[in-house]
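Student: Quick one: structure below, then a few questions.
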Amino acid sequence: MRKLNSLRSIIGGIFFIIAVYGKAQENFAQKIEQTAASSILKYTTEFTDSFGNSAKLPIVIVKGKQQGRILTVLAGVHGYEYPPIMAVQSFLKEVNPEDLKGTIIILPIANTAAFYGRSLFVNPLDGANLNNAFPGKEDGTITQQIAHFITKNIIPPTDVFLDIHGGDASEDLIPFVCYYNHKGKSEATELAKKLSKTSGFANVVSYPYTIEDDEPAKYAFKQAVQDGKVGLSFEAGKLANVQEDAVVLNKNGIYNVLNALDMYTSNFDIPEKLELYDNQVYIKIPATGIFYSDLYAGEPVKKGQKIGVITNEFGELLEKVLAPESGTILYKIGTPPVTKGETLMCIGIPVK
Ligand SMILES: [Zn+2]
């Protein structure tokens, strides 16, 4: 009897998962359709996995007075990156659908489990990084399901996909906007470049796009690019603080993108001089230990320059770290603990 009951509950659980997931799947296209002009729809969908974990995904659809393009704004893929999340909160309070041409889909906190669990990089429910999970998996863990939901439901109706990040709680970072230089999709790339250059960010980074169409995109906005959409990403904020200037930069960036797409009229400053980068070099952490560096994000480094040292717990030198290329530090570990194999620093290489 006990066995039968548990079997019933397992079967019930499976049907429940299918019902919940199916609901999230089929409802989204209808939700956009059904949202009346000049109105805002807010709702929450939920994911449940076979380990008994569940997580909520809040979704907002802002439908403009007139029809137009669809911009998706994704925040909180990393739940410990606060300025993007708080920028979207502030934007939500201000945006007026009466003044909007087109539709804005907003995922204010994509990784609620990481946000409420104050978890660095990963979802504490499954230990997975949502920024590494695309295209996702329909019947996978919570993180894989969220990635799959975004790939199958959010990206298809989207014209322009904006993924907002900052430095995570352990990262020092200089604000920048980035896009993929996808040579096979030149029209989308050109618009991504234009939107990046007019976003209000002074540092504009173009990433080489080197994956095949059947390779996992891993990152949300790279998935959008692979699927033929215009994709770009902001990075502003660092070290688990809500820096007001980073919040404003991210928020004004959303307005600038809307303005450039002729969806919403706004007039925020765009820096006269842009710093352009067309490649980047990542330094992997050579040893687990305690990291010391006098350098900050935004500072220039020369090839061969000592950029820091790593000691063991007794204070004894383990490794000297040298810059492999000349460029500008876009982000780096800004706190003492470092773990072998993780990224220590990203150096942006200026356009020559
Ligand atoms: Zn991030």
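The values are calculated or read from the model by the stated rules, or taken from the named source; none is laboratory data. What you see is a predicted model; the values in this text were computed from it and never measured. Because the Cβ atoms are built from the backbone with ideal geometry, glycine has one as well, and the counts that use them run over all protein chains shown.
Student: Take the residues in segment 73-104 that are surrounded by fewer than 24 Cβ atoms within 10 Å (Cβ to Cβ) and assigned to a strand (DSSP E or B), then tell me which one is farthest from the ligand (Cβ to nearest atom).
Tutor: Applying the filter and picking the extreme gives Lys101.
Student: Could you list, ordered by first residue, the pairs with Cβ atoms under 7 Å in which the first is in segment 61-84 and without any contact (Cβ under 8 Å) to a residue 60 or more places away in the chain and the second is within 11 Å of the ligand (Cβ to nearest atom), at least 6 apart or interchain?
Tutor: Listed by first residue and then by second, the contacts come to Gly76/Pro84; Gly76/Ile85; Gly76/Ala110; Gly76/Asn111; Gly79/Asn111; Gly79/Ala114.
Student: Separate question: Among the numbered conditions (1) farther than 28 Å from Pro336 by Cβ; (2) in contact with a Phe, Trp or Tyr (Cβ under 6 Å, 6 or more places away or on another chain); (3) not hydroxyl-bearing (Ser, Thr, Tyr), tell me where Val205 comes up short.
Tutor: Just one mismatch for Val205, condition (1).
Student: Among the residues of segment 164-175, is there at least one that is away from the ligand (no atom under 14 Å from the Cβ) and in a loop (DSSP other than H, G, I, E, B)?
Tutor: yes
Student: Could you check segment 105-124 and list, in sequence order, the residues that are free of Cβ contacts under 8 Å to residues at least 24 places away in the same chain and buried (at least 21 other Cβ atoms within 10 Å of the Cβ)?
Tutor: Across segment 105-124, the qualifying residue is only Val122.
Student: Condition (residue is modelled with pLDDT of 95 or more and in a strand (DSSP E or B)) applied to segment 235-245: is it met by at least one residue?
Tutor: yes
Student: Surrounded by fewer than 22 Cβ atoms within 10 Å (Cβ to Cβ), within 16 Å of the ligand (Cβ to nearest atom), more than 26 Å from Lys101 (Cα to Cα) and within 20 Å of the chain's Cα centre (by Cα): which single residue out of Lys238, Lys218 fits that description?
Tutor: Matching residue, one of Lys238, Lys218: Lys218.
Student: Condition check: part of a loop (DSSP other than H, G, I, E, B), in the same structural domain as Asn129 (by TED's automatic domain parsing) and not basic (Lys, Arg). Does Glu190 satisfy that?
Tutor: no
Student: Determine whether Ile146 is more than 14 Å from the ligand (Cβ to nearest atom), modelled with pLDDT of 95 or more and not in a loop (DSSP other than H, G, I, E, B).
Tutor: yes
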